[in-house]
Amino acid sequence: MTTLTLARSDRYTVAKVIGFAVALAAASQVAIPIPGTPVPITLQPMLVVLAGFWLAPRAAVASMALYLAAGALGAPV
C-alpha cells in the first residue's frame, strides 16, 4: 500500500492558502462606513494584494479560488 505524504513546505503552503481564504471571508464581514457616501469599504482588497505579495502565484490563485468556492457552496462570505 502506498501512502501519500506532503513535505513540510507543502503543508505550510496549504496552511497559508487556507489561512488567506479564511481571513478573506472574515474581512468581508467587516464594513467600514465612509462619511458622505452610502457605500462602505471592506478589508478585502488589502488581503487580496497581501496574498499576491506573500504567496506564490499558484497559491494566491488557489486561496482566492477556495474563497470563491466557499461562497458558491453557501458560506457567508
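The values are calculated or read from the model by the stated rules, or taken from the named source; none is laboratory data. Predicted, not measured: the structure shown is a model, and the values here were computed from it. Methodologically, a virtual Cβ is constructed for each residue, glycine included, from the backbone with ideal geometry; neighbour enumeration extends over all protein chains shown.
I'd like to know if the stretch 33-48 contains one or more residues that are among the hydroxyl-bearing types (Ser, Thr, Tyr), closer than 21 Å to GLY71 by Cβ and at pLDDT below 95. Spell out the reasoning first.
First, pick out the residues of the stretch 33-48 that are among the hydroxyl-bearing types (Ser, Thr, Tyr): 37, 42.
So of that shortlist, the ones also closer than 21 Å to GLY71 by Cβ come out as 42.
Of the ones still in play, those that are also at pLDDT below 95 are 42.
Among the residues of the stretch 33-48, at least one is among the hydroxyl-bearing types (Ser, Thr, Tyr), closer than 21 Å to GLY71 by Cβ and at pLDDT below 95, which makes the answer yes.
Among the residues of the stretch 1-46, which ones are under 21 Å from LEU73 (Cβ atoms) and part of a loop (DSSP other than H, G, I, E, B)?
Scanning the stretch 1-46 gives a single hit, GLN29.
Name the residues in the stretch 24-68 that are exposed (fewer than 15 other Cβ atoms within 10 Å of the Cβ) and in contact (Cβ under 8 Å) with a residue 12 or more places away in the chain, would you?
If the condition is that a residue be exposed (fewer than 15 other Cβ atoms within 10 Å of the Cβ) and in contact (Cβ under 8 Å) with a residue 12 or more places away in the chain, then GLN29, VAL30, THR42, MET46, TRP54, ALA56 are the ones that fit.
Is it fair to say ALA75 is touching a residue at least 40 places away in the same chain (Cβ under 8 Å), in a helix (DSSP H, G or I) and among the small types (Gly, Ala, Ser)?
No, not satisfied.
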